[in-house]
Each structure stands twice: as structure tokens, then as C-alpha cells.
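Working notes for the structure below.
All of the numbers you see were taken from the coordinates with simple rules; none came from a lab. Keep in mind that what you see is a predicted model, and the values were worked out from it rather than measured. Note that we place each Cβ from the backbone using ideal geometry, even for glycine, and neighbour counts take in every protein chain shown.
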Amino acid sequence: MKGFKFKKDHPEKEKLMSQGKGNEKESLFDLLIHDLTSPLSIVATTADNLLHKSERYGPLTDQQKRMVDRISRNIHKAQKLLQEMIEILRSEEGIFQKDFFSIEETLRESLLDALEITHPHAAEKFCQSKSQEEFQNLLHTHHISIEMTGRYCQSPFCHDQKKVQQILRNLLSNALKYRREKMGVMISGETDLLVSVEDDGIGIPAEEQDAIFKRFVRLNDKKAPHIQGLGLGLTGIKTLIKAMGGEIVLQSQEGVGTRFIVRIPPIRP
């Protein structure tokens, strides 16, 4: 697949360059790609080798396996976070990969990623499901509903798949973290892709709704102290969606739940 870049410079880039900050942004990009990607990859490969190549590196005790597996899982989480940061930087520069891909398959991968973050034991069961019927039964058991209508039930969507998957993963993991019991996902649209993700969680007070897309702002921090996070997810997806020419809308009522509605226009073939 060939890379795709909007001809018109992103206004944020023009602003940074006019202020003499372009080099600082390039340095950050280089730091993320070169200085962090390589050592994380080496650590991840080493941990995986210790777990899966005992004939070469020697056997591990059960306790050692659990510890190395924990290291491996967290390294892979760090790699995903790093990749998300890189994708945000690329979107701010107007750089998009032009892909044709299945929304259904991308949604499934995003759900598995989100479950791995929030409910790793459930994620393992989903990954081991051998049929669509078994997968649907697991969705029902875990109170997750998915409804797909419109063009993209059958036709591929044209855009940057990594960025779409990042948006879905963050919306889903957010809903899974804050729900009381249920989460619902609706996919529709004939031209633009429309995504709705809702939960039955504690909701967001009206006076706090304008602030949730700001960096380091947590949803209902005092009411949900057990939920961990830096508050970067919603900031990141709003940046991506805006750069993609789309929009994100919040609907929430305190004590009832929250719904995020996203619209993403396709890249024209």
C-alpha cells in the first residue's frame, strides 16, 4: 500500500513552523521512532524467547514463567501506546496510509485489543473461540452487543486502518472500563463511517463534559478511583478524528451512562 499525504499542509504544522518549533516536533518524532521503538522491540523479543524457546535458553520455573509473561504483556502494551503516539503525530502532519479493509474484522481486532487491556482473561477466551457462534455467545455472556448496518457490512472502507483501529480500541476500552454491566457498539453509514459506542456506567456530569478531551483529564476521577489511566486516550482519538476530517460527539447523563458517536469520511480512491 502506498502512503497518502494531504497536499495542503496541516494548519498546526504551519503554526509550529512559523514559531520556529518545527525542529522540536521532528526531534520528538525521531525520539519515538528510533530511540524508543528499538529497545522496546529488543526487550519484547527477549521476553518472548525466554517463554517460548526453552530448548535454547533453558527451562523456567512456573513462577519465573508468570513473571516473564507479565513483563512480555506490559512491554507489548508499551509498544501499542508508542505506536498510538506515532500515529497521532503522523495524523497532525496529514500523513495517512490508504487501505481498503473490512470494518467488521477491524472492529473484532479492536475489541480483542481492548479486552486484553481491561479483561485479559476474557480476551483469552475470545481469542480461543473457534466459530462465529462461539464468539457471539461470548459477547452475550460478557454483555457486549454489536450491531452492524449500512454499506460497510459488506463493502470495504477506505482509510488508514491503523488509525481507525486505534480510534475503535480507545472507545471500546474506555466503555469497558467505565461500564457497570453492558456495552453496546453500533456501526452504520452509507458514505461516511458512523460508529457509536455506549456504556451504562456512571456517566459524565454536564459541567465536566467540555473538559474530557483535554490531556490528563480523567473521567469522574473521584467517583472511579480504581480505574487507572493517564487520560490521553480521548485526547488522542479526537486529534486523529479531526485530522481525518471527521467529528466526535459526546452524549452522557450522570448516573445513566455515556455514548460517543464518531463520523469518519473515507479517503477517496
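Structure above, values below:
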quantity: Quarter of Cα convex hull surface for segment 136-192, i.e. mean projection, nm²; calculated: 4.5
quantity: Using θ = phi - 60° and Karplus 6.51 cos²θ - 1.76 cosθ + 1.60, couplings along segment 160-171 (whole Hz; Gly, Pro as x); calculated: 7, 4, 4, 6, 5, 5, 5, 4, 4, 4, 5, 5
quantity: Amide proton proximity set for GLU247, modelled H, under 5 Å, gap of 5+; calculated: ARG263
quantity: Of LYS53/LYS162; LYS53/LYS177; LYS162/LYS242; LYS98/LYS238; LYS125/LYS214; LYS177/LYS214, those spanning more than 25 Å from alpha-carbon to alpha-carbon; calculated: LYS53/LYS162; LYS53/LYS177; LYS125/LYS214
quantity: Computed FRET value (nearest 0.05) for ILE95 with LYS130, which takes r as the C-beta separation and R₀ as 45 Å; calculated: 0.70
quantity: Other-chain or far-sequence residues with amide H under 5 Å of HIS159's (modelled H); calculated: ASP99, PHE101, ILE267
